[in-house]
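First comes the structure, then the notes that go with it.
The values are calculated or read from the model by the stated rules, or taken from the named source; none is laboratory data. All of these numbers come straight from a predicted model, not from anything done at the bench. Ideal geometry is used to build each Cβ from the backbone, glycine not excepted, and the neighbour counts take in all protein chains shown. For accessibility, only protein heavy atoms count, side chains too; no ligands or nucleic acids. Shrake-Rupley method; radii C 1.70, N 1.55, O 1.52, S 1.80 Å.
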Amino acid sequence: MNPKQLACVILLMVIGVMTYTAQIIHKTVATTRAEAEDAETAAVTAENERSTAEIETAVFKANTEDLRRFLRSWLPAIEHVQTQQEAEQNIELSLRERGINLVRSRKTESKQSAGNKLIPKSVITTLTIEEEFAKVLNWLGDIERRLPTARMKVVQITGGSTGTQLKMEVSFETPIFDLAAADADKKKAAATPKPKPKATKS
């Protein structure tokens, strides 16, 4: 092989290497460009999802403002009685402060609420008291003040042993709230990612 032929072979080899290198670079650039476009699309999608979530949150807050204001106003009363013992103590204190000395009968029982973590149980109190007219009615009003979440089930008033006395048979149910359990469920629900909708084929 003469020098000219050798030079042509070398030139062809150089051209081949350059062509091969150019193809690799082109493929790398194309792949990088595609990845950059995918990343940009993902960023735009994420931004849209964030904006949508912010809008949904703002709408939810606006729609539930009245309810949340109502719950905030009741929160002190709910926190005031969170155990059966606290409910019984409020009743005992009310009887003592209102001067109700003649308690004919008294029964307290707990009622479990299966599946309700916010109100796992309630306390049912049944009383029969006999006292002066004003004391009986003032005591009933005091119970509603001390236990505002209580639900009156039975209230029967009849005449007492004397003309100035009333006999009252009353039964009411006081819910026992578990705010810690409700907060735990709320945090758990917030931490659970929502399933993404499946893409439909066109």
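Among residues of region 35-49 that are in contact (Cβ under 8 Å) with a residue 60 or more places away in the chain, none has a Cβ under 7 angstrom from a residue that is among the aliphatic types (A, V, I, L, M) and open to solvent by less than 90 Å² (accessible area, probe 1.4 Å) at a sequence gap of 6+ or on a separate chain.
The rows are residues; the columns are (1) open to solvent by 40 Å² or more (accessible area, probe 1.4 Å); (2) part of a strand (DSSP E or B); (3) out of contact with any Ser or Thr (no Cβ under 7 Å at 6 or more places or on another chain).
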| residue | (1), (2), (3) |
| --- | --- |
| 126 | yes, yes, no |
| 131 | no, yes, yes |
| 139 | no, no, no |
| 153 | yes, yes, no |
| 158 | yes, yes, yes |
| 162 | yes, no, yes |
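Taking each residue of region 135-148 that is under 12 Å from residue 170 (Cβ atoms) and looking for partners that are of a type outside the set (A, V, I, L, M, F, W, C) and open to solvent by 50 Å² or more (accessible area, probe 1.4 Å) with beta-carbon atoms closer than 6 Å, six or more apart or interchain, yields 139/98. Scanning region 29-65 for residues that are among the charged types (D, E, K, R) and either within 22 Å of the chain's Cα centre (by Cα) or not in a helix (DSSP H, G or I) (or both) turns up 50, 54, 56, 61, 65.
For region 50-73, the criterion of being in contact with a Phe, Trp or Tyr (Cβ under 7 Å, 6 or more places away or on another chain) and open to solvent by 60 Å² or more (accessible area, probe 1.4 Å) is met by no residue.
Taking into account only those residues within region 93-118 that are assigned to a loop (DSSP other than H, G, I, E, B), of a type outside the set (Ser, Thr, Tyr) and open to solvent by less than 60 Å² (accessible area, probe 1.4 Å), which is nearest to residue 174 (Cα to Cα)?
Here is the first cut: in region 93-118, the ones assigned to a loop (DSSP other than H, G, I, E, B) are 98-102, 113-118.
Narrowing further to those that are of a type outside the set (Ser, Thr, Tyr): 98-102, 114-118.
With the extra rule that they be open to solvent by less than 60 Å² (accessible area, probe 1.4 Å), the set shrinks to 99-100.
Working: 99: 22, 100: 21 Å.
Step by step, filter region 93-118, then rank; the result is 100.
Against the conditions (1) open to solvent by less than 100 Å² (accessible area, probe 1.4 Å); (2) closer than 30 Å to residue 179 by Cβ, residue 44 satisfies every one except (2).
Taking the criterion of being surrounded by fewer than 19 Cβ atoms within 10 Å (Cβ to Cβ), of a type in the set (A, V, I, L, M, F, W, C) and either within 27 Å of residue 134 (Cβ to Cβ) or modelled with pLDDT of 80 or more (or both), the only residue of region 76-92 that qualifies is 77.
Taking every residue in region 1-18 that is part of a helix (DSSP H, G or I) and modelled with pLDDT of 70 or more and pairing it with any residue that is open to solvent by 80 Å² or more (accessible area, probe 1.4 Å) and aliphatic (A, V, I, L, M), at least 6 positions away or on another chain, the pairs with Cβ-Cβ distances below 9 Å are 9/1.
In region 105-130, the residues that are free of Cβ contacts under 8 Å to residues at least 60 places away in the same chain reach residues that are among the small types (Gly, Ala, Ser) and surrounded by fewer than 17 Cβ atoms within 10 Å (Cβ to Cβ) with C-beta atoms within less than 6 angstrom, at least six apart or across chains, in these pairs: 119/113; 121/110; 121/113; 123/110; 126/171; 128/105.
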